[in-house]
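So the structure is just underneath, and the comments pick up after that.
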Number of protein chains: 2
Amino acid sequence: MLQIEEAVKQLQKQVTQKEHTEQMPLLEAAGRILAEDAVAEKDQPPFPRSPLDGYALRGEETAGASREHPAIFRVTGKVCAGEWFPGRVQKGEAVRIMTGAPVPEGADTVIRQEDTDYGEETVQVFRASAAFENYCPQGEDYRTGTVLLKKGRRLDGAATAILAGMGRDSVRVYGLPRVAVISTGDEVVPPGHPLERGKIYDSNRYYLCARMQEKGLRPERSMHCRDNAAELAGQIREMCEEGMELIVTTGGVSVGEKDILHETLELLGARRLFWRIDVKPGAPVMAAVCQNTLLICLSGNPYGAAVNFELLVRPVLEVLTGSRTWRLEKRQAVLQNDFRKKKGTRRFLRGREENGKVWVAAGNQASGALSSLAESNCLVEITKEMAGATKGETVWVYLL
Amino acid sequence: MLQIEEAVKQLQKQVTQKEHTEQMPLLEAAGRILAEDAVAEKDQPPFPRSPLDGYALRGEETAGASREHPAIFRVTGKVCAGEWFPGRVQKGEAVRIMTGAPVPEGADTVIRQEDTDYGEETVQVFRASAAFENYCPQGEDYRTGTVLLKKGRRLDGAATAILAGMGRDSVRVYGLPRVAVISTGDEVVPPGHPLERGKIYDSNRYYLCARMQEKGLRPERSMHCRDNAAELAGQIREMCEEGMELIVTTGGVSVGEKDILHETLELLGARRLFWRIDVKPGAPVMAAVCQNTLLICLSGNPYGAAVNFELLVRPVLEVLTGSRTWRLEKRQAVLQNDFRKKKGTRRFLRGREENGKVWVAAGNQASGALSSLAESNCLVEITKEMAGATKGETVWVYLL
């Protein structure tokens with residue numbers, strides 16, 4: 001049976017990062033992906049800067065200075081942050097300077113005001129300072145030409161601050177992929193409506209939309225479709241023609257007569273990539289390409305759909321968005337409790353990982369159950385060879 | 001000198017979670033904080049459900065059945081997912097049933113169709129099944145009255161799906177706190193404008209706004225103010241009167257004549273909580289209460305402001321929003337490289353943590369430098385007692 005890793009490769013091959021880019025105001029681009037390298041056009045800081053309040057002068061002239069034998073300088077001016085001192089500091093001269101102000105030409109260090117008499121016309125310096133001792137050189141942070149942020153980088157707080165510091169108030173980012181979500185099933189009723197006997201509320205569509213929105217991607221279309229292959233095919237065809245890059249459906253992928261996805265794909269003339277993978281829950285997942293749109297048809301079981309989304313859809317969204325935030329982080333952790341299962345299936349349990357320890361959710365691990373997902377923060381992999389989870393064993397967990 | 005932990009306690013004491021709540025459409029509430037317990041009003045599933053396609057019947061009647069000696073049943077009807085079978089399964093009877101359909105009254109198990117002859121009027125069953133073998137009981141996921149999500153919980157994908165599954169299409173969440181950001185300094189120019197000599201671009205305001213927006217909080221006001229205490233006090237007073245709960249400023253907190261925050265707080269008649277804490281960078285941070293508004297006045301150095309924000313402002317936002325996403329996660333990691341510093345200061349370096357290993361950023365660790373923050377994902381704590389970071393040592397890192 002097809003392994004998850006192979007299925008992911010097949011899916012990722014079908015998509016490419018959106019070529020479309022857009023220029024956005026910097027603060028509205030939070031979380032988006034940079035579509036250009038950010039290269040420094042100026043040194044930062046653009047001038048040598050004083051790190052403190054004091055007196056700018058030539059360090060060599062303070063040699064041997066002490067409280068008993070101060071070095072004395074004529075104060076020729078004052079410069080505050082945001083100002084520019086027009087002259088040059090000559091021998092025997094000092095300029096009063098404030099934190100963040102440009103160190104005037106000719107000076108090579110700043111004497112802390114606490115090491116002086118705070119003089120206004122002349123100043124006594126009580127302590128020797130070497131050249132460049134209290135002095136932030138021009139370009140201390142970065143030099144003109146430095147690549148500060150690479151194309152493909154997510155715009156988090158640090159990246160936004162760096163761009164602002166370069167003087168940029170707008171930025172070129174990649175467009176968001178166009179994604180649609182369709183839940184299927186005659187038994188499925190949208191929340192907020194009355195529930196007739198035999199029906200259940202739609203949680204799958206909400207899981208998928210909320211997971212995407214958590215990471216900044218709002219599905220462009222989101223709907224429910226009843227178990228009618230012609231109707232579903234019509235909806236999908238329309239979305240393909242609209243240019244959707246990815247359509248994710250839930251339900252109808254098993255082998256029964258109500259499993260309409262098989263017929264739907266035929267009606268669409270879609271090229272099937274795979275059906276069924278080696279995973280529990282969510283084994284009957286299916287994938288196909290219709291026109292230029294990738295279809296991923298998830299299990300209808302709520303937890304099965306969730307596992308399918310995390311393991312298969314996220315890697316596709318990683319490619320489509322160019323953003324690593326979609327990558328499922330995998331790490332090793334030591335099991336803190338037991339869970340029995342049959343050998344021979346690769347199973348993903350709900351669990352909670354903290355500092356290298358993982359607890360398999362004590363609650364319901366059934367495919368149809370969602371409540372136990374509430375307190376989980378990872379999927380715990382129980383391999384084919386393992387007859388369950390045993391306390392003390394090291395397993396792979398996939399952080400949600 | 002005041003320790004960070006004590007400063008955090010003082011700050012958190014000044015704020016409370018917003019009492020104001022609002023009812024929001026479920027999918028628009030992603031990331032918000034639940035202001036009510038979510039209690040199940042129905043069992044989930046609301047009926048016993050078939051986990052597969054087959055025949056619903058009484059398990060005891062299949063005792064001893066095999067391919068050679070099948071048990072034979074009269075098929076009295078059919079039920080698909082979303083339908084309701086009106087009758088009751090009597091002795092000798094079976095009902096054709098599809099995955100997700102309600103198991104009819106009288107039946108207590110479902111025989112997989114692969115274990116039958118797929119009969120339409122009568123069906124031969126080739127395998128014995130115990131009662132409840134293939135049978136998802138009513139309330140398998142949860143029972144009426146179960147508290148599924150607690151007040152104060154963040155609405156992530158799982159929580160959203162659980163609420164949808166309960167039939168909820170809207171949800172009561174806490175209002176967002178009202179926050180303002182002001183950067184100060186005559187030398188500071190908003191990005192997008194020409195840069196005169198002696199000036200630098202404003203990165204602090206962008207860092208703060210972007211960090212808040214990353215976690216779903218848009219500051220209601222964000223502005224720059226020049227070094228004029230009366231002007232700044234006027235702006236802050238207006239924001240307090242508007243009902244801002246938190247105002248974060250940057251710059252002007254040191255000891256020089258341009259450090260206008262001291263005078264500003266006096267003009268406002270604000271009650272000072274503290275000034276200066278034991279941290280490098282960002283030591284001169286200041287906090288005060290003005291009317292009912294908490295003011296936190298951060299260092300003007302870009303990295304100092306960032307450290308102040310992460311260590312002091314985030315814990316305040318955790319209380320104001322009621323959301324753990326603001327909590328700075330602390331973990332231990334083993335240093336992979338060296339960094340020298342003087343003893344006697346508690347310092348936070350930029351670093352990159354992966355799987356319990358941490359690298360101190362090789363680039364610039366100066367307070368005014370931002371570029372090295374781009375590749376960092378944590379702050380590395382170097383305690384007062386440590387003379388730097390030494391490869392192989394275990395340190396605390398604070399994940400950004």
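The values are calculated or read from the model by the stated rules, or taken from the named source; none is laboratory data. Since we're looking at a predicted model, the values are computed, not measured. Every residue, glycine as well, gets a Cβ built from its backbone with ideal geometry; the counts of neighbours run over all protein chains shown. We work out accessible area using only protein heavy atoms, side chains counted, and drop any ligands, DNA or RNA first. Shrake-Rupley method; radii C 1.70, N 1.55, O 1.52, S 1.80 Å.
Numbers at a glance
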read-out	value
Charged-residue dipole, Cβ positions (Lys, Arg, Asp, Glu), the range B:1-131 about Cα centre, Debye nearest 20	80
Binned Cα-Cα distances of the range A:256-356, short to long, each 10 Å bin given as a whole percent	13, 36, 34, 13, 4
Residue-by-residue Karplus 3J(HN,Hα) for the range A:26-43, coefficients 6.51, -1.76, 1.60, Hz, glycine and proline x	3, 6, 8, 8, 3, x, 7, 9, 4, 9, 8, 5, 9, 10, 5, 9, 9, 5
Pseudo-label separations to other copies for B:Arg221 - Cα-to-Cβ vector, 7 Å, nm	4.5
Loop-located GluC sites (Glu not before Pro) in the range B:212-262, at most 13 other Cβ atoms within 10 Å (DSSP)	B:Glu257
Across the identical copies, how the B:Glu68 labels are spaced - nm, sorted shortest first, 7 Å along Cα→Cβ	11.6
Minimum 50 Å² accessible area buried by the other protein chains, the range B:243-283 residues, probe 1.4 Å, relative to alone	B:Glu257, B:Lys258
Cα-based shape type of the range A:173-304, given that a ≥ b ≥ c are square roots of the gyration tensor eigenvalues and the cut on a/c is 1.5	rounded
The protein assembly as shown: Cα Rg divided by the 2.2 N^0.38 Å rule of thumb	1.16
Pseudo-label separations to other copies for A:Asn355 - Cα-to-Cβ vector, 7 Å, nm	2.1
Local electrostatic count, B:Leu273, Cβ distance below 13 Å [Lys/Arg +1, Asp/Glu -1]	+4
Radius of gyration and Dmax over the Cα atoms of chain B, both given in Å	31.6, 100
Only Lys, Arg (+1) and Asp, Glu (-1) charged, at Cβ; the range A:100-147 dipole about Cα centre in debye	220
B versus A: buried accessible surface, summed, Å² (probe 1.4 Å, to nearest 100)	5900
Most mobile listed residue (A:Arg331, A:Arg197, A:Arg143) in chain A, GNM with C-alpha springs under 10 Å	A:Arg197
Sulfur and carbon atoms: percent of accessible area, the protein assembly as shown [1.4 Å]	46
Total charge dipole magnitude, the protein assembly as shown, about the Cα centre, Cβ charges on Lys, Arg, Asp, Glu only, Debye to nearest 20	1440
GluC sites (Glu not before Pro) restricted to DSSP loop in the range B:52-84 with at most 12 other C-beta within 10 Å	B:Glu68
Long-range tail of P(r) for the range A:300-376 (Cα pairs > 19 Å, %)	47
Per the axis that maps chain A onto chain B, nearest residue of A (Cβ criterion) and its distance in Å	A:Gly356, 4
For the range A:170-187, residues shielded by at least 40 square angstrom of accessible area compared with the chain on its own, probe 1.4 Å	A:Glu187
Solvent-accessible area per residue for chain A (1.4 angstrom probe, square angstrom)	41
Among B:Ile182, A:Pro137, A:Phe47 - extreme Cα towards positive end, dipole of the protein assembly as shown, charges at beta-carbon	A:Pro137
